[in-house]
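For reference, the structure discussed in these notes is given below.
Read the figures in this text as sums done on the coordinates, not as results from a lab. Predicted, not measured: the structure shown is a model, and the values here were computed from it. Note that we place each Cβ from the backbone using ideal geometry, even for glycine, and neighbour counts take in every protein chain shown.
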Amino acid sequence: MRALLMDQLTEVWHKSLDDRLLLAPRSPAPILDRLLQQRAAERWHPVSRSHPDHTQMQRSQGRSP
């Protein structure tokens, strides 16, 4: 149950960063700026299909494996 909650909260967190990226890709707040840049890099350089996290990444992006 805790793992499910963590997965769901992680999805909400990633969605919030994705939504923020749509508004503006950078932030004057250093921590938020770093998080936005990391998330942008994850979205543009996805985990390879051979990587074990590939299926999870697809699910978090709303795609089936």
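Per-residue Karplus couplings for the range 16-27, computed as 6.51 cos²θ - 1.76 cosθ + 1.60 with θ equal to phi - 60°, are listed in order as 5, 5, 4, 5, 5, 4, 5, 6, 6, x, 10, 9 Hz, Gly and Pro entered as x. Charge tally around ASP18: other residues with Cβ under 11 Å, Lys/Arg +1 each, Asp/Glu -1 each, net +1.
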